[in-house]
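Accompanying notes for the structure given below.
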There are 2 protein chains.
Amino acid sequence: MERGAIREKLLDAAGALMREFDTVEIGILDIAARAQVNHGMIRYYFGSKEGMLLALLDRDLTARIRQLSALLRLDVTASERMRIHLEGILDTYYQIPYLNRLIQLMVRDSSPERVRYIAEELLKPLANAQQTIIEEGISSGEFRPVDPKLFYFNAVGAADGLYCNRFTLSSVFGGTGVADDALHERYRRHTVETLMAGLRKP
Amino acid sequence: MERGAIREKLLDAAGALMREFDTVEIGILDIAARAQVNHGMIRYYFGSKEGMLLALLDRDLTARIRQLSALLRLDVTASERMRIHLEGILDTYYQIPYLNRLIQLMVRDSSPERVRYIAEELLKPLANAQQTIIEEGISSGEFRPVDPKLFYFNAVGAADGLYCNRFTLSSVFGGTGVADDALHERYRRHTVETLMAGLRKP
């Protein structure tokens, strides 16, 4: 395998195991076994398990930060931009339900420098982009004057809420508690509608 | 101390430590020390640590289920009832930010019988009460026809979102990431407004 291929395989394996077992507490031996490589490769490519987790978070979020910058340049109304953005958040938590738990784990175990990186380079750009869209909508008269910081936690919380609580999901809906494409589709439509109504100027 | 007093002190101590340290992984020695009782009392009153955690969850939620039944009997419009209910959810997660994590821990470690109890006696009554209010609002023409189960995860997720992610909160707002009364007040007003707008018939 090429250098990049092994690195990607390890990240894919870590993400897949976190999704399957609904926890971010996954051992390096299990990750290496799933990726079908020697576990020494984790140290070789990432320095440590913690370095690998940061690389996973970075990969998961950096692509989305880039998409969000592209969205900010799109020539559409603030409402349309917000709708696309909210759909993106719901898709993100459906694909990466372990996101908030991974951040919590990293913050607990990582060096101050890495913690600063997560705050400044990953979380703030996402919150700031959403703030830009909301301010645009307020000044165009599409949105009521909400505090963008407060709305941020509505949006992220609502997305996290369904995909991160398998037991509650199974208690309320029956079944395994793992959302499938059909439920995700319904939840996304419903939640974007609810949040957009919450923003809209009456 | 009286029998009941020691029991309550232990539950208070467990809850206080979970809030302070932002984790549900608290040792029984720390809980006993905070309660200023011998740790053997945990076994005496609850059988095991897991029994104590269930008692904590039970105490935290049973009072709220009772309040919710009283709310269902109140002679007000569905909108007013929903507003009071949503404020209650926000207050709950502000006071008990560890709630979802405690449920996850219990489900992982408890007997099937206890897991069934949590689902049937604690989570379902809450979801069902909210469903009753939403159906009332739909049939009175106050609410648009939303799926109450989907809305449940919007409400719980939005409440959980602010109080359960201290690092994100600190990255976005600065400061310690622990919400104080003033921020809670603002978040509650904002979130109830957002969710009510999402329910209201346009």
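Assuming a viscosity of 0.890 mPa s and a temperature of 25 °C, what translational diffusion coefficient in µm² per second does Stokes-Einstein assign to segment B:67-145, Rh being the Kirkwood radius over Cα pairs? Kindly include the intermediate steps, with their values, before the conclusion.
Details: Rh = 14.1 Å.
Once the numbers are plugged in, D ends up at 174 µm²/s.
Enumerate the calculated ³J(HN,Hα) couplings along segment A:144-149 in order (Karplus 6.51 cos²θ - 1.76 cosθ + 1.60, θ = phi - 60°), each rounded to whole Hz, writing x wherever the residue is Gly or Pro.
6, x, 8, 7, x, 5
Using +1 at the C-beta of Lys and Arg and -1 at the C-beta of Asp and Glu, which of B:Thr191, B:Tyr163, B:Pro148 has the Cα lying farthest in the positive direction of the dipole of segment B:137-197?
B:Pro148
More than 22 angstrom separation, counting every C-alpha pair in segment B:81-198; what % is that?
Taking all Cα-Cα pairs of segment B:81-198, the fraction more than 22 Å apart is 41 percent.
What part of the accessible area of the protein assembly as shown, given as a whole %, is carbon or sulfur when the probe is 1.4 angstrom?
Using a 1.4 Å probe with all protein chains present, the protein assembly as shown comes out at 51 percent carbon and sulfur.
Taking the label point 7 Å from Cα in the Cβ direction, how far apart in nm is B:Arg66 from each other copy of itself, listed shortest first?
Spelled out, the distances from B:Arg66's label point are 5.7 nm.
Nearest 10 degrees is fine. How inclined is helix B:181-199 to the longest principal axis of chain B, computing both from alpha carbons?
Here the helix axis deviates by roughly 40 degrees.
Hey, what do the phi angles of segment A:155-169 turn into as Karplus ³J(HN,Hα) couplings, whole Hz, using 6.51/-1.76/1.60 and θ = phi - 60°, x for Gly and Pro?
With coefficients 6.51, -1.76 and 1.60, one gets 5, 5, x, 5, 5, 4, x, 7, 8, 9, 10, 4, 5, 4, 4 Hz.
Please list, ordered by chain and number, the residues whose modelled amide H lies under 5 Å from the amide H of A:Asp22; skip anything fewer than 5 residues away on the same chain.
The answer is none.
What 222 nm value per residue comes from the helices of chain A, counting each DSSP H run with n ≥ 4 as -39,500 (n - 2.57) and dividing by all residues, nearest 500 deg cm²/dmol? Each step should come with its number before you reach the end.
Details: 11 runs with 153 residues, N = 202.
Calculated at 222 nm, the ellipticity per residue is -24500 deg cm²/dmol.
Using a Gaussian network for chain B with springs between C-alpha atoms less than 10 Å apart, which of these wobbles most: B:Leu17, B:Leu56, B:Leu29?
Result: B:Leu29 has the largest fluctuation of those listed.
Return the Rg/Rh value of segment B:144-202, two decimal places, where both radii are evaluated on C-alpha atoms and Rh is the Kirkwood radius.
Details: Rg = 13.4 Å, Rh = 12.6 Å.
In segment B:144-202, Rg relative to Rh is 1.06.
Sorted by accessible area with a 1.4 angstrom probe, largest first, how do A:Ile84, A:Ile89, B:Ile118 fall?
In descending accessible area the options line up as A:Ile84, A:Ile89, B:Ile118.
Amide H of B:Arg200 versus every other amide H placed in the peptide plane: which residues, excluding those fewer than 5 positions away on the same chain, fall under 5 Å?
Result for B:Arg200 returns B:Arg144.
Measure nothing but the geometry: give the 0 to 90° angle between the long axis through the Cα atoms of B:49-73 and the longest principal axis through the Cα atoms of chain B, rounded to 10°.
Here the helix axis deviates by roughly 30 degrees.
Using the 2.2 N^0.38 Å rule of thumb for compact globular proteins, work out how segment B:1-150 stacks up: its C-alpha Rg over that value, please.
1.21
Placing the label point 7 Å from Cα along the Cα-to-Cβ direction, what are the distances from A:Pro202 to the equivalent spots in the other copies, shortest first, in nm to one decimal?
So the label point of A:Pro202 gives 1.6 nm to the other copies.
When the convex hull of the C-alpha atoms of segment B:124-168 is computed, what volume per residue in Å³ does it have?
Values: hull volume 3.4 nm³, N = 45.
Looking at segment B:124-168, the number lands at 76 Å³ per residue.
Students often forget the sequence filter, so: which lysines lie under 26 Å Cα-Cα from A:Lys9 once same-chain residues fewer than 8 apart are removed?
Within reach: A:Lys49.
Taking each label point as 7 Å beyond Cα in the direction of the beta carbon, state the distances from B:Ser139 to the same residue in the other copies, shortest first, in nm.
Counterpart label points of B:Ser139 in the remaining copies fall at 4.9 nm.
In chain B, once you exclude exposed GluC sites (Glu not before Pro) (DSSP loop, at most 10 other Cβ within 10 angstrom), what's the longest stretch remaining?
B:26-202
Could you give the Stokes-Einstein D for segment B:27-76 in µm² per second, using the C-alpha Kirkwood radius, 20 °C, 1.002 mPa s?
Details: Rh = 12.6 Å.
The Stokes-Einstein estimate is 169 µm²/s.
With every protein chain left in place, what is the accessible area per residue of segment B:76-202 in square angstrom, probe 1.4 Å?
39 Å²
Using only Cα atoms, locate the centre of segment B:74-148 and the centre of segment B:1-47, then give the distance between them in Å, rounded to an integer.
27 Å
Can you compute log10 of I(q)/I(0) for segment A:1-64 with the Debye formula, treating each Cα as one identical point scatterer, at q = 0.11, 0.14, 0.24 Å⁻¹?
Ignoring solvent entirely, the Cα scatterers give -0.21, -0.34, -1.03.
Return the value, in Å² to the nearest 100, of accessible area buried between chains B and A (probe 1.4 Å, both sides summed). Working shown, then result.
Numbers: alone 11010 and 11010 Å², together 18390 Å².
So the buried area, both faces added, is about 3600 Å².
Can you put B:Arg116, B:Arg108 in order of accessible area, largest first, using a 1.4 Å probe?
B:Arg108, B:Arg116
Would you list which lysines come within 26 Å of B:Lys149, measuring only between C-alpha atoms, while excluding same-chain residues fewer than 8 positions from it?
Those lysines meeting the cut-off are B:Lys124, B:Lys201.
What are the extents of the Cα atoms of the protein assembly as shown along their three principal axes, listed from largest to smallest and rounded to whole Å?
Answer, in whole Å and largest first: 66, 54, 40 Å.
The values are calculated or read from the model by the stated rules, or taken from the named source; none is laboratory data. Worth saying up front: this structure is predicted, and the values here are computed from it rather than measured. Note: ideal-geometry Cβ built from the backbone for every residue, glycine included; neighbour counts use all protein chains shown. Please note that ligands, DNA and RNA were not included when accessible areas were found on the heavy atoms of the full protein model with its side chains. Shrake-Rupley method; radii C 1.70, N 1.55, O 1.52, S 1.80 Å.
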